[in-house]
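The values are calculated or read from the model by the stated rules, or taken from the named source; none is laboratory data. As the structure is a computational prediction, the values presented were derived from the model and not from experiment. Backbone-built Cβ (ideal geometry, glycine too); neighbour counts: all protein chains shown. Note: accessible area is taken over every heavy atom of the protein model, side chains too, but ligands, DNA and RNA are not part of it. Shrake-Rupley method; radii C 1.70, N 1.55, O 1.52, S 1.80 Å.
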Protein chains: 4
Amino acid sequence: MKSINVGMIGYKFMGKAHSHAYKDLPLFFPNTVKPVMKVICGRNEQDVAQAQAQFGWDEYTTDWKSLLQRDDIDLIDINAPSDVHKEITIAAAKAGKHVFCEKPLALTLADAREMLATVEESGVKHMVGFNYRFAPAVMLAKKLVDEGKLGKIHHFRAWFLQDWLVDPNFPLAWRLKKEIAGSGSHGDLGAHLIDLAHYLVGDMTEVIGMSETFVKERPIPANMSGLSATGSESDEKGEVTVDDATLFLARFENGALGSFEATRYAAGHRCTNSFEINGSKGSVIFDFERMNELQVYFTDDRDDVQGFRRVLATDPAHAFADNWWPPGHTIGYEHTFIHEVVELMNAFKEDRQPVPNFHDGVKCQQVLEAVDQSIEKRQWITISDI
Amino acid sequence: MKSINVGMIGYKFMGKAHSHAYKDLPLFFPNTVKPVMKVICGRNEQDVAQAQAQFGWDEYTTDWKSLLQRDDIDLIDINAPSDVHKEITIAAAKAGKHVFCEKPLALTLADAREMLATVEESGVKHMVGFNYRFAPAVMLAKKLVDEGKLGKIHHFRAWFLQDWLVDPNFPLAWRLKKEIAGSGSHGDLGAHLIDLAHYLVGDMTEVIGMSETFVKERPIPANMSGLSATGSESDEKGEVTVDDATLFLARFENGALGSFEATRYAAGHRCTNSFEINGSKGSVIFDFERMNELQVYFTDDRDDVQGFRRVLATDPAHAFADNWWPPGHTIGYEHTFIHEVVELMNAFKEDRQPVPNFHDGVKCQQVLEAVDQSIEKRQWITISDI
Amino acid sequence: MKSINVGMIGYKFMGKAHSHAYKDLPLFFPNTVKPVMKVICGRNEQDVAQAQAQFGWDEYTTDWKSLLQRDDIDLIDINAPSDVHKEITIAAAKAGKHVFCEKPLALTLADAREMLATVEESGVKHMVGFNYRFAPAVMLAKKLVDEGKLGKIHHFRAWFLQDWLVDPNFPLAWRLKKEIAGSGSHGDLGAHLIDLAHYLVGDMTEVIGMSETFVKERPIPANMSGLSATGSESDEKGEVTVDDATLFLARFENGALGSFEATRYAAGHRCTNSFEINGSKGSVIFDFERMNELQVYFTDDRDDVQGFRRVLATDPAHAFADNWWPPGHTIGYEHTFIHEVVELMNAFKEDRQPVPNFHDGVKCQQVLEAVDQSIEKRQWITISDI
Amino acid sequence: MKSINVGMIGYKFMGKAHSHAYKDLPLFFPNTVKPVMKVICGRNEQDVAQAQAQFGWDEYTTDWKSLLQRDDIDLIDINAPSDVHKEITIAAAKAGKHVFCEKPLALTLADAREMLATVEESGVKHMVGFNYRFAPAVMLAKKLVDEGKLGKIHHFRAWFLQDWLVDPNFPLAWRLKKEIAGSGSHGDLGAHLIDLAHYLVGDMTEVIGMSETFVKERPIPANMSGLSATGSESDEKGEVTVDDATLFLARFENGALGSFEATRYAAGHRCTNSFEINGSKGSVIFDFERMNELQVYFTDDRDDVQGFRRVLATDPAHAFADNWWPPGHTIGYEHTFIHEVVELMNAFKEDRQPVPNFHDGVKCQQVLEAVDQSIEKRQWITISDI
């Protein structure tokens, strides 16, 4: 197999990120399967036509179902809003198409499980878009954990801090409506933290959380795109139906203690997606705002030169780095998507499931839902009970 | 009143810190009441005699009760282990002596309340040793909060990370025995975080926590002093009866969400006593390992130059700074105690209660105990129920 | 004008960076002129054919002169080694082709001036590849300077620190041969610092420098590509004929003092391209390893909250940022080239010379050569005397 | 020898720092010789009497010569303004008194050499106050250099940046008058950098510098003390006769290249006394504003975890740290003076010359003067020619 033909549904924030990944991949990763940008699909014809031209797709359509009937489409990429993930995934898998679906997989755990069952039955490849796994600095953390360089893990703490909702006049974007987004900071930001926890530390056994919606009503926007919103002439307000912030505590199967916080109200933090792992032999700290760096500490360094090392994960020794630029020449947010698609293409090349896939998506959804239940019931929830 | 005669009970880590504070105060703060180092008291005569000479006290004694009968002692400073705080405080207050007691006030909330009631009845001045309030950078945070420069507070997160227990062969110090220390990381480190939360954000309404003792047994030491331990020749091990790490979530009366973590297992963190406050108009971040600095962010900075400012709290505009050195010439850990004693001496000068006092100590103990209950009962605990 | 047809000469490190810029530009900057990737040219047919396929060019050739005779080529992009810049530029300009040339323009100031004269006479557009100007954080610095927010400039200090030559067994790459590279750290790294000084502070009046070649001989490599080298089986060594490090002091026309350092021997610094400006009203600090950030200080901040702000130049208020991702989602090294090409395409759109152009290239070369003279003559050199 | 009786001349900024050092030393360093605070001396009787009481000296006097005639004075501590260092030192040494003199030793190299000759002839102990050597983090750098952990040194760069003169209305303090201070930023700040260079890297062979006085005239103050100035009612201005900023390049005997910058015009830098050393096996970075930290890099770390380590020099493995607080509990500016006096007292205990002593003072003065000459003559100056 030399190439994979892609049909993509969605063309906003994630659609742009995915398109760019497909476009750039062959330049920097010529030795894997090549994604071919066949068709982009969206509901608004004018917008999707514009996206097709700008992003470099061969064709556009407003009828996503048409993609499933074409023989020249191998892979369906779903990055439309979360409420349509399920329907499209199931139809695509049943049509024998491979599926690459943005996170969160679905609005509910039940839906996510149904999606997983379907893709498994259909025998297609499936991937879920936890792109932060693919920052080379995060992959270095994973490597150190796997090698035992951090020893037994005692603590995992993670916080995803944004501040785009601090202004109470920021409009009521679709991400603030439960029926479309499914969840607020918890499903949007917390989902990434949970996936990183699974990736780096392992499964959790129990959780307890709390959440808050600080601003209950917001102006209804005239027009929304991605995270940004333009012009809200009317004074009309609508209810915010998702959480502004969700925190939870967790225990891991390996005995580690976990602390998680996701919020869109942390003034000064544009996109602080951060975690720290403390083990018996060392620690690591990551902050996405400095995504090329990993802070690394080892307890067995000579006693007078112990300290967190600021490792710039741009050396040949680091994942993917050799495909980019010389050491010290950093990469950015969009590169996580390119690496993600490299993993997907390598899965085709090696005929295996990509990672993370729908199993990871379901596992993440399970924790999200356990936390939701723990908030509702005001008690600890055992993950395996969900 | 020109001077106050001090009798101090305890001569280890805190005894050294307090002695130094009394000694240095007149040099840098000549315009307040002067503490006179009269008598130091300890159980081991050889050690306390050595401390008396080294620290610069006029006399020593091994009989703390004798201090209460002397007319030339105005203030009893208690920094002996936590299990004797109560007895000494109550006797001192009844003897009409002012009391300056290290944190935590007592082993239980009931004891702490009894202590408070006694000092209040006796009409003496009382102070509790939450020294971290007195870092100028922390006082700047308080000032900004009080002025409304951070707006409405949404988040308070605090973590006190140390790593001196990561080595499982570190000996069983007194701080690891519940009957002496009362608590582990929670009472030792968490207590400081809770006090800072009260100082900076206000009262909490409910909490839920979790804790862990990662290493259950440790070698019994031949000799212990402060945090350090010397030589453990025997292979004998004893049980660790306190928590190694305690985390909890909290809600504040003003609607803010709180996250707290205290641990002695965070490899690489020698003394990361840190907090962050996010409000509707700004944020601040503090880390005791860089105690002269406060990171400050304002939402109303011009849109292209918004960012956390690294403020070095050593300018004349900062608390206490003018008494020290020119701007940029930093101070250290011990200065928090000098400032604390300045507050105590000012309270004498102005004939008022110092702050923080036993009310703050009780409030802290109340939260500590609520968290303990929440861990035991595995449910949210309402603070006012305690 | 809707599009520009490009013929590019060179296909290594810079060839990849430029190709990627042309490829990505239409996706993120759809509203400017579109560069069309027509022909890539190189000496080694096998390699250039591979580059053509991988980078996405329509055709390849090994005969650069053939590009000048084609009507369907508008722009010649020269990123081959420095020793061929002059010949190609002059031929291209005489053929009426626009020229985009990597820095340094030429091996000597005389050559650079001849190139400038030729492009000016020919009336073509000309640009020189000082890509670091195009980091949004650098552009923010420029904006603050231009607005007077930093006041009168007192100091400019700049240091470009790399460490790829610390290992004495690193092979004798072409960048270490004077006849090909023209210069070592001075022309490679120092040139960028000088250009940034011109951009941000203005012209210099006099300079004095010193330089050193720490390792005089290095193994002759079997094969070299970009900065990396593969396999050096032979024990044969060759002479390093360029500087390993060059430092110089400078005075600016506006009275500011300058300090410059370029080295490839700063262990631990992969690519610390950094500068600081101190003015009477404020300061800025930039470090390319954290290229999304600018540290900004203002003297007129309230006296208790003065401090360097860590500004993440990813907000809509920052140059180019709106074409990328939401705030806090960082970009990387390669984006400087995309922005550079945006400027070039905008120059076509608006029918003006792009900036920086050959005037800037000559000015940079003039300072480089003045520094060289100052080293040779061991005395201050007046720039206008060169 | 158990104790040394001190007579101190000077009672402003440095007088306070030295007094505090003498006072605190016995508490934290009980095992060395004890300094006894006998007499403090100053010209203004009211001020010196106040200082005597506040700082804790037994007596005061306004007649410094009287100290030399007393048998109960062993050591003369000179921290009065630089213009009186020479006269007092020479008289003290001739009277058989040991001398501890603040830097810079004298206004001229000739004077400094005469002072050195006199103390050597007199056989007294002599020390010069380069206190920054005594930050534990700086001592760690020295240790790593001496052990060869950094390999062959290629680069030393140092910058001492302050900003107290950025305001043109800051008054004409004595430090801005050549006849009293001898020099401006060069002698005040640059002297510290030069001493650190000698301590850490070794002797220099040649230098070339430049300097500037940005603001030529300043208001004459009503009253000055230390760095601060109070009230300048008059509009009268006086000439600034020292340098505001001085930069220079240097070569070291061991082949390293040096870059030095001292300025009082670096807005935002209260006291950035910083250096970096790059060697063939590693690098270190120090910044006095974070004086407890040393950034340390080793080239032989595993290739995927190379990076600057932030070492907090507060562990038992670090110089002096065990005499202070547990790891992570930082110290401040004043502690450098305590450590300096510990070295002085240890020299008495071990009957040897303390380090740094007048040899170091002279060597520093030699470089200062070489730089001054290089500025005047606009050419490189060979150190050994001075």
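In segment B:237-264, the residues whose accessible area drops by at least 50 square angstrom when the other protein chains are added to the isolated chain are B:247, B:249, B:251, B:257, B:261; the probe is 1.4 Å and only protein heavy atoms count.
Can you tell me which of D:135-142, B:350-357 comes out highest on packing, and rank the rest after it, using the mean Cβ neighbours within 10 Å? Walk me through the intermediate numbers first.
Working: D:135-142: 23.2, B:350-357: 16.2.
Averaged packing, sorted descending, gives the order D:135-142, B:350-357.
Taking label positions 7 Å along the Cα-Cβ direction at both residue A:216 and residue D:254, the computed distance is 7.0 nm, reported to one decimal. With K and R counted +1 and D and E -1, the other residues having a Cβ less than 12 Å from that of residue A:17 yield a net charge of -2. Buried accessible surface for the C/D pair, both sides summed and rounded to the nearest 100, is 3500 Å² with a 1.4 Å probe.
Across segment C:1-129, Cα-Cα pairs more than 16 Å apart make up 59 percent of the total. Per residue, segment D:3-131 exposes an accessible area of 35 Å² to a 1.4 Å probe, with every protein chain left in place.
Take each of the peptides C:76-88, C:188-200, C:34-46, average the number of other beta-carbon atoms within 10 Å over its residues, and list them starting from the highest. Intermediate results must be reported in sequence, preceding the final value.
Working: C:76-88: 22.4, C:188-200: 24.7, C:34-46: 19.1.
With the highest mean Cβ count within 10 Å placed first, the list reads C:188-200, C:76-88, C:34-46.
Element breakdown for the protein assembly as shown at a 1.4 angstrom probe: carbon and sulfur atoms account for 46% of the accessible area. Rounded to 0.05, the FRET efficiency of the residue A:70 and residue D:142 pair, given R0 = 51 Å and the Cβ-Cβ distance, is 0.10.
Counting only C-alpha contacts under 8 Å and six or more residues apart, can you give the relative contact order of segment B:3-131 as a whole percent?
On the way: 227 pairs, mean separation 30.3, N = 129.
23 percent.
Measuring with a 1.4 angstrom probe and ignoring ligands and nucleic acids, residue A:29 comes out at about 20 Å² accessible. Close Lys pairs in segment A:114-191, defined as Cα atoms under 28 Å apart and 8 or more places apart or on different chains, number 4.
Averaging Cα coordinates gives a centre for segment D:103-177 and one for segment B:47-100; these two points are 45 Å apart. Distance between the C-alpha centers of segment C:186-206 and segment C:261-303? Whole Å please. With segment C:186-206 and segment C:261-303 each reduced to a Cα centre, they are spaced 15 Å.
For the segment D:288-300, counting C-beta atoms of other chains within 10 Å of every residue's C-beta and taking the mean gives 5. The phi-based Karplus calculation (6.51 cos²θ - 1.76 cosθ + 1.60; θ = phi - 60°) puts the 3J(HN,Hα) values of segment A:194-210 at 5, 5, 5, 4, 4, 5, 9, 10, x, 7, 9, 9, 7, 9, 8, x, 8 Hz, whole numbers, x for Gly and Pro.
Here the Karplus curve 6.51 cos²θ - 1.76 cosθ + 1.60, taken at θ = phi - 60°, turns the phi angles of segment A:27-33 into couplings of 5, 9, 10, x, 9, 10, 4 Hz, with x standing for Gly and Pro. For a label point 7 Å from the Cα of residue B:87 along Cα→C-beta, name the residues of segment B:29-70 whose backbone N is under 20 Å from it. Answer for segment B:29-70: B:40-48, B:61-70. Computed on segment D:311-386, with alpha-carbon pairs under 8 angstrom and 6+ residues apart, the relative contact order is 15 percent. The string of couplings for segment C:257-273 from the Karplus curve (6.51, -1.76, 1.60, θ = phi - 60°) is 9, x, 9, 10, 9, 10, 8, 10, 10, 9, 3, x, 9, 6, 7, 7, 9 Hz, one whole number per residue in order, with x for Gly and Pro. Estimated at 0.36 nm per residue, the fully extended path between residue D:45 and residue D:179 surpasses their Cα-Cα distance by 45.9 nm. Note on residue D:298: accessible area approximately 10 square angstrom, rounded to 10, probe 1.4 Å, nucleic acids and ligands left out. Hey, can you list the residues from segment B:127-168 whose accessible area shrinks by 40 Å² or more with all protein chains present, relative to the chain by itself (probe 1.4 Å, no ligands or nucleic acids)? Listed by number, the residues meeting the 40 Å² cut-off are B:154, B:155, B:157, B:166.
If packing is taken as the average count of other Cβ atoms within 10 Å, what order do B:94-101, C:252-259, A:340-347, B:334-341 fall into, highest mean first?
On the way: B:94-101: 21.0, C:252-259: 19.1, A:340-347: 22.5, B:334-341: 24.6.
Ranked from most to least packed, the peptides come out as B:334-341, A:340-347, B:94-101, C:252-259.
Scanning chain A for the beta carbon that comes closest to the axis linking it by rotation to D yields A:309, 2, distance in whole angstrom. Starting from the label point of residue D:180 at 7 Å along Cα→Cβ, the same points in the other copies fall at 5.6, 6.2, 7.0 nm, in ascending order.
State, as an integer percentage, the relative contact order of chain B based on alpha-carbon contacts under 8 Å between residues 6 or more apart. Write down the numbers at each step before the final one.
Values: 859 pairs, mean separation 77.8, N = 386.
Relative contact order comes out at 20 percent.
Taking a straight Cα-Cα cut-off under 18 Å and skipping sequence neighbours fewer than 8 places away in the same chain, the lysines within cross-link reach of residue B:38 are B:2, B:12, B:16, B:23, B:65, B:97, D:23. Per-residue ellipticity at 222 nm computed for chain D from its helices equals -9500 deg cm²/dmol, with DSSP H segments shorter than 4 residues left out and the rest contributing -39,500 (n - 2.57). With a Förster radius of 51 Å applied to the beta-carbon distance between residue A:236 and residue C:5, the computed FRET efficiency rounds to 0.50. In this assembly of identical copies, the label point of residue D:386 (Cα plus 7 Å along Cα-to-Cβ) is separated from its counterparts by 2.9, 6.4, 7.0 nm, sorted shortest first.
Within 10 Å of the Cβ of each residue in C:309-322, the mean number of Cβ atoms contributed by other protein chains is 5.
Taking the label point 7 Å along Cα→Cβ, residue C:72 and its counterparts in the other copies are spaced 2.3, 10.3, 10.6 nm apart, in ascending order.
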